[in-house]
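The values are calculated or read from the model by the stated rules, or taken from the named source; none is laboratory data. Computed from a predicted structure; not experimentally measured. We place every Cβ from the backbone using ideal geometry, glycine too, and count neighbours over all the protein chains shown. Side chains are part of the model used for accessible areas, which takes the heavy atoms of the whole protein and leaves out ligands, DNA and RNA. Shrake-Rupley method; radii C 1.70, N 1.55, O 1.52, S 1.80 Å.
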Amino acid sequence: QVQLVESGGTLVQTGGSLTLSCTASGVIFSGKVMAWYRQAPGKQRELVGRISSLGMPQLSDSVKGRFTISRDNAKNTVTLQMNSLKPEDTAIYYCNRYGSPYAWGQGTQVTVSS
């Protein structure tokens, strides 16, 4: 059915930048509020930010000013641009529909080292 695929995660140094991408089969993102989440070891999954159907991003306080979300409906993708990365950003990052999630994908690992 719906399959979400996140990509772009890697090892990056503190202060670096990284862009994560999310795409899907079996669903069209257009018209839906989409979101990025992350889960660090031993922690609950948390909302990183969301983007409205019209492309207006809203980021959580922990990443506000450093991350932003964009979408390309023609490519059916949602992107998380991460700047000024910190070790506490280390987590598995997931995308999904906000509020009414589909089955979760495998996520993509982001590791920020010093």
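Karplus-based coupling profile of the stretch 86-95, in residue order and whole Hz: 10, x, 5, 7, 4, 4, 8, 9, 10, 10, with θ = phi - 60° in 6.51 cos²θ - 1.76 cosθ + 1.60 and x standing for Gly or Pro. For Phe67, nonlocal amide neighbours, meaning residues 5 or more places apart or on other chains whose placed amide H falls under 5 Å from its own, are Asn83. Taking only protein heavy atoms and a 1.4 Å probe, the accessible area of the stretch 17-114 is 48% carbon and sulfur.
Counting Lys and Arg as +1 and Asp and Glu as -1 over every other residue whose Cβ lies under 15 Å from the Cβ of Arg97, the net charge comes to +3. Within a straight-line Cα-Cα reach of under 23 Å, Lys86 can be paired with the following lysines, leaving aside sequence neighbours fewer than 8 residues apart in one chain: Lys43, Lys64. Computed with a 1.4 Å probe on the full set of protein chains, the accessible area for Lys32 sits at about 40 Å².
What do you reckon, how do Ile28, Ile69 stack up by accessible area (1.4 Å probe), largest on top?
Ile28, Ile69
Entry comment: accessible area of the stretch 25-114 is 53 Å² per residue, from protein heavy atoms only and a probe of 1.4 Å. Only one of (1) 39, 25, 22; (2) 50, 25, 23; (3) 45, 28, 26 was calculated from the structure for Cα extents along the principal axes in Å, and its label is (1).
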